[in-house]
Amino acid sequence: MPAPPDSAAIPTRSTGDSARLCVILGAVTMAPMRLLVTGGAGFIGSNFVRQALDALDCQVDVLDALTYAGDRSSLAEVEHRINFVHGSVTDAAIVDELVRQADTVVHFAAESHNDNSVVDPSPFVQTNLIGTFNILESVRRHDKRLHHISTDEVFGDLELDEERRFTEESAFDPSSPYSSTKAGSDLMVRGWIRSFGVRATISHCSNNYGPFHHIEKFIPRQITNVIDGVRPKVYGSGQNVRDWIHVHDHNTAVNAILERGRIGQTYLIGAECELNNIVVVQEILRLMGRPDDWFDMVGDRPGHDLRYAIDSSKLQAELGWKPQYLNFRDGLAQTIEWYQQNESWWRPKKEATEAKYREMGR
Ligand code: NAD
Ligand code: TDX
């Protein structure tokens with residue numbers, strides 16, 4: 001993966017929760033923090049594992065069910081540095097054993113795609129709700145630190161012309177089985193913090209882009225379509241706005257919360273990059289040498305959220321976090337290059353993904 005624009009600014013490990021103090025024969029040494037990363041073979045989780053191994057003094061266990069969205073080869077670069085466990089967060093016994101051994105749990109595992117949730121909500125209920133319940137019960141039992149990864153979609157959507165952006169105080173108003181099961185998991189985390197004193201933090205991030213993003217999602221679907229000589233597909237009016245952040249910046253924010261976040265707090269993560277879907281597709285087309293009207297408008301997603309926008313001032317002011325990818329075009333160009341150079345990673349997924357979309361009529 002190409003280096004971020006300013007890698008010197010990646011937060012490094014400090015003491016406190018991010019390390020264990022060991023006393024061995026009278027000498028005081030710092031043992032590396034043992035991190036349990038759920039969903040670590042997915043898009044954001046695999047990028048997080050690579051970054052955490054560089055930025056934090058840690059030992060990493062990954063728990064991943066390797067659903068259609070998980071790919072062990074996303075961790076190939078660090079395979080020898082992690083302990084990979086193939087299992088589900090819905091399996092309370094596996095979760096409990098791994099949580100018992102960990103110092104800190106970072107919970108990424110989820111069913112994550114809105115379009116799938118409208119076809120069949122059941123795995124969303126299992127993984128996002130029951131899976132998070134299992135994590136919560138284990139961190140409660142073993143008194144372990146938890147960081148729960150959520151999304152801005154739990155807040156519903158905004159009008160195109162309203163000034164308001166999502167903040168930590170925004171009310172939940174989810175639109176899909178995906179976002180409602182994520183909201184349910186967040187509410188459980190809040191309840192476990194208050195009733196049981198679980199040492200947890202929560203973050204809600206906006207739309208990520210970058211390497212290892214499953215090609216069912218908007219940006220990589222269109223990049224790989226263009227590589228294949230197929231016109232991009234834009235839902236509905238194409239006016240829907242997403243607030244894009246590079247996955248690297250999401251994960252430096254998670255590191256900052258792990259290191260300096262206040263227990264019990266919620267942090268919103270975003271990089272102030274609101275763009276509508278047509279603008280994004282036209283940027284991809286320009287960068288890939290196609291005319292900017294070379295795309296098709298297709299049917300809309302049911303319940304399609306209009307606009308997301310994040311106010312991340314609490315994270316920036318309290319924890320000193322700043323995004324490093326400040327130019328979307330540069331981040332997108334790097335991402336396109338990654339898909340051009342890593343066809344062996346995405347090609348095996350392309351036919352099944354497009355077959356799924358043909359069934360949806362999109
Ligand atoms: P992804 O779909 O790429 O990866 C999910 C991973 O979880 C996969 O490796 C999958 O195999 C694993 N998984 C699914 N069910 C599991 C189960 N029952 N047990 C164990 N592992 C299981 O998703 P992503 O885009 O990397 O998202 C990761 C997290 O970040 C999710 O919680 C998502 O809600 C959140 N999030 C994503 C975005 C985004 O733009 N992609 C934005 C904000 C928040
Ligand atoms: O082919 C497409 N054409 C299109 O116009 C696809 C796949 C999507 N879209 C639109 C729908 C959305 O307006 O593009 C936008 C982005 O779609 P997705 O990539 O499916 O993302 P979104 O639904 O916004 O959700 C994403 O961000 C928040 C992640 O998938 C979630 O996991 C995260 O919580």
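Would you grab the residues whose amide H sits under 5 Å from the one on Tyr267? Only those 5+ places off in sequence or on another chain, please, with H modelled 1.01 Å from N.
Ile202, Ser203, His204
First check a/c for region 103-143, with a ≥ b ≥ c the square roots of the eigenvalues of its C-alpha gyration tensor; if it is under 1.5, answer rounded, and if not, answer prolate when a/b is larger than b/c or oblate otherwise.
Oblate is the answer for region 103-143, as a/c is 1.5 or above yet b/c matches or exceeds a/b.
Using the Cα gyration tensor of region 289-342, with a ≥ b ≥ c the square roots of its eigenvalues, what is the shape: rounded (a/c below 1.5), prolate (a/b larger than b/c) or oblate (neither)?
Cα axes put region 289-342 in the oblate bin.
With a 1.4 Å probe and all protein chains kept in place, how do Arg190, Arg301 rank by accessible area, largest first?
Arg190, Arg301
Within region 26-114, report the chymotrypsin sites (Phe, Trp or Tyr not before Pro) that DSSP leaves as loop and that have at most 15 other Cβ atoms within 10 Å.
Loop-located and lightly packed - Tyr68.
Distance in nm between label sites at Asp120 and His142, each 7 Å beyond Cα in the beta-carbon direction?
3.1 nm
Assuming 0.36 nm per residue, please report the length gained on full extension of the stretch Ala31 to Arg262 beyond their Cα-Cα distance.
Length difference between fully extended and current span is 80.9 nm.
Determine the gain in length on full extension of the stretch Thr67-Ser344; use 0.36 nm per residue of separation and subtract their C-alpha separation, reporting nm with one decimal.
Computed gain between Thr67 and Ser344 is 97.9 nm.
Within region 235-249, whose backbone N sits under 19 Å from a point 7 Å along Cα→Cβ of Leu326?
Counting only backbone N, you get 244-249.
Using modelled backbone amide H atoms (1.01 Å from N, in-plane), which distant-in-sequence or interchain residues come within less than 5 Å of Gln59's amide H?
The answer is Met33, Arg34, Leu35.
Rounded, prolate or oblate: which fits region 152-222 when a ≥ b ≥ c are the square roots of the eigenvalues of the alpha-carbon gyration tensor, with rounded for a/c under 1.5 and prolate only if a/b beats b/c?
Verdict is oblate for region 152-222.
Once fully extended, how much extra length lies between Asp173 and Arg362, figured as 0.36 nm per residue of separation less the alpha-carbon to alpha-carbon distance?
Contour length minus Cα-Cα distance gives 65.4 nm.
Residues in region 108-125, backbone N under 19 Å from the label point at Leu187 (7 Å along the Cα-to-beta-carbon vector): list them, ranges by number please.
Within reach of a label on Leu187: 111, 121-125.
Counting alpha carbon pairs within less than 8 Å and at least 6 residues apart, what relative contact order, in whole percent, applies to region 228-302?
Contact order relative to length: 54 percent.
Taking amide H positions as placed in the peptide plane 1.01 Å from N, state which residues far from Val234 in sequence (5 or more) or on other chains have amide H under 5 Å from it.
Residues meeting the criterion, in which the H sits 1.01 Å from N, are Asp296, Met297, Val298.
The values are calculated or read from the model by the stated rules, or taken from the named source; none is laboratory data. Just so it is clear, the model here is predicted, and its values are computed rather than measured. Because the Cβ atoms are built from the backbone with ideal geometry, glycine has one as well, and the counts that use them run over all protein chains shown. Surface areas here come from the heavy atoms of the whole protein model, side chains and all, with no ligands, DNA or RNA. Shrake-Rupley method; radii C 1.70, N 1.55, O 1.52, S 1.80 Å.
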